[in-house]
Amino acid sequence: MSPAHNNSESVNDALDALDRGVEPERPVLRDAVRALLTELSHRAPGRSVEVRIPPFGAIQCVPGPRHTRGTPPNVVETDPMTWLLVATGRLSWASAVAEGRIRASGIRTDLSEHLPLTGG
């Protein structure tokens, strides 16, 4: 898949909806979430952190020890709208964590160095 910030119509459509003051349609939000997760997996390849955006997707990323069974020690979980905002730089990682919008457990779960996924 091409980088989300360059070729994802769904990311652009979802952001356009937000700019109009409406919530993106579910299929658009789903596709945007998946495109942004794919971009994160390209920018931070690895298997030490599991990023979960239910109900639309989950990936493993970030270099480090690989997790193979049971509950991963490093988990990031949030809702689709928060992921869209954080991944595109409309909400900072630190703010989302402080507000309880992102649940991050484990020593490798600070994804701020990989975000936002838009731009460069």
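The values are calculated or read from the model by the stated rules, or taken from the named source; none is laboratory data. Worth saying up front: this structure is predicted, and the values here are computed from it rather than measured. For neighbour counting, all protein chains shown are included, and Cβ atoms are generated from backbone atoms with ideal geometry for every residue, glycine included. In case anyone asks, the SASA skips ligands and DNA or RNA and just uses the protein heavy atoms, side chains included. Shrake-Rupley method; radii C 1.70, N 1.55, O 1.52, S 1.80 Å.
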Filtering segment 67-106 down to residues that are under 16 Å from residue 34 (Cα atoms) and open to solvent by less than 30 Å² (accessible area, probe 1.4 Å) yields 76, 78, 80, 82, 83, 84, 86, 87, 88
Flagged pairs (Cβ under 8 angstrom, 6 or more apart or on separate chains; first in segment 90-108, in a loop (DSSP other than H, G, I, E, B); second open to solvent by less than 60 Å² (accessible area, probe 1.4 Å) and among the β-branched types (Val, Ile, Thr)) are 91/82; 92/86; 101/78; 101/82; 106/49; 106/75; 108/49; 108/62
Among the residues of segment 7-33, the number that are open to solvent by 10 Å² or more (accessible area, probe 1.4 Å), in contact (Cβ under 8 Å) with a residue 24 or more places away in the chain and part of a helix (DSSP H, G or I) is 5
The correct count of residues that are within 24 Å of residue 9 (Cα to Cα) and either open to solvent by 70 Å² or more (accessible area, probe 1.4 Å) or in a strand (DSSP E or B) (or both) in segment 34-59 is 11
If we keep only residues of segment 31-86 that are hydroxyl-bearing (Ser, Thr, Tyr) and modelled with pLDDT under 95, then the residue farthest from residue 103 (Cα to Cα) is 68
